[in-house]
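All remarks here apply to the structure that follows.
Coordinate-derived values only; no laboratory data. What you see is a predicted model; the values in this text were computed from it and never measured. As a convention, Cβ positions derive from the backbone with ideal geometry for all residues, glycine included, and neighbour counts pool all protein chains shown.
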Amino acid sequence: MAYIELSGVTKRFGKVAAVNRLDLSIEQGECVAMLGPSGCGKTTTLRMVAGFEDLDDGEIRVGDRVISSKKKHFYLPPENRNFGMVFQAFAVWPHMSVFENVAFPLRIRKLPREEIQARAEEALKHTNLWSVAEGSPDDLSGGGKQRVALARALAIRPDVMLLDEPLSSLDPHFREEMRFEIKDLQRRFHHSILYVTHDQSEAMALSDRILVMKGGVVQQVGSPLEIYGAPANRFVFEFIGLSSFLQVALRDGRMEVAGASYAPPAPPPPELAAAGGAWLAARPNEIAFSTEGGVSGTVERKAYLGEVIDYRVRVGEAEVRVQKTRREPGPEVGETCGLIFARPRWYPLEG
Ligand SMILES: Nc1ncnc2c1ncn2[C@@H]1O[C@H](COP(=O)(O)OP(=O)(O)O)[C@@H](O)[C@H]1O
Ligand SMILES: [Mg+2]
């Protein structure tokens, strides 16, 4: 059985559904990243799980216990949900030592003094803060402050960790380092984690599964590999990694692009063939140059990005991005070339 279960979870602000009929289950010890552009409903979802927002519809369970239910008019208060939370802003108390920042929530819970000491010490050691425990959090870097927030969340021994863009205010260098630290902590403590981010590489690196959201609606849930390799729709394809799209007409088993007709690189799904057109999608590194055959285009730009050469190829109205390593031969700017789609994916023109 899933450890956390959201069913039909809906939240409206005025007429707009910030989160619309969201279903998600998270297993014990699993990290699920909630990924999507700004305003798509990630924070609202997290706040409903935390208990800071009620629901306009649906239910949330942890284990066999209902914690939020619209139908039953039941909401377990946030302080009675044993959740550890870390937010984007550095929520440390500057007038308390690092140690006190971590111990304070335990004092509120009226735990015995030895227990508080032991738990705070353990959490500080796991986050590499033990040596600065007596100092002020104000003397720490942004990464250090977020580690204090993480230690504070760990010390309560939470059932679930809720993290809302915890690394997005950090320098890129710290961000990568802390990804590994969070992943290590998850393995060690076997927490269930709901991790909100708009950064697809962070979601890929950290999570067991990714939920992609757009406009309050779930687009796809799957492993990082599934999300990257088999995106459910054009939005997911474009949001994850680099993408190239061609709008094609499909007629009599042929595909037409910018006034020319070609044999498709693979048979499109019958429903798209019946609809008469589709988006042909590919990653820039899944497109090959050919001197005979392939979709005809003209190289407009060629940029050297270290090991990779980035081409922009004009095909009618569209610009197709192709990436090759330096060692592979490729056309020059102004030359015409054929594009072979080695791993085509097809999406409907609308939706
Ligand atoms: N308290 C609120 N009152 C009105 N609208 C809100 C409130 N909180 C969030 N929203 C709206 O709900 C949508 C989702 O917001 P949010 O969950 O913060 O998105 P994200 O975290 O994905 O950026 C946005 O359109 C936002 O403007
Ligand atoms: Mg947010």
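Figures for the structure shown
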| item | result |
| --- | --- |
| All lysines inside 27 Å of Lys145 as judged from Cα atoms, apart from same-chain residues fewer than 8 positions distant | Lys42, Lys110, Lys125, Lys183 |
| Efficiency of FRET between Asn128 and Ala89 - r from beta-carbon atoms, R0 22 angstrom, step 0.05 | 0.55 |
| Where labels lie 7 Å past Cα in the beta-carbon direction, separation of Phe180 and Ala263 in nm | 4.9 |
| Mean ellipticity per residue at 222 nm, deg cm²/dmol - from DSSP H runs of n ≥ 4 across the chain, formula -39500 (n - 2.57) | -7500 deg cm²/dmol |
| Helix 142-155 axis, angle to the chain major axis (alpha carbon atoms, nearest 10°) | 60 |
| Cα centroid of the range 66-130 to Cα centroid of the range 254-303, whole Å | 54 |
| Lys110 paired with Ser290, simple spin-label distance in nm, labels 7 Å along Cα-to-beta-carbon | 7.6 |
| Distance (nanometres) between label positions extended 7 Å along Cα→Cβ at Ser136 and Arg314 | 6.1 |
| Cut-off 17 Å, label 7 Å out along Cα→Cβ of Asp159, residues of the range 1-23 by amide N | 1-7 |
| Between 0 and 90°, nearest 10: helix 113-126 axis offset from the chain longest Cα axis | 30 |
| Degrees between helix 98-108 axis and first principal axis of the chain (Cα, 0 to 90, nearest 10) | 70 |
| In Hz, Karplus ³J(HN,Hα) per residue of the range 62-67 (6.51, -1.76, 1.60; θ = phi - 60°; x = Gly, Pro) | 10, x, 9, 10, 7, 10 |
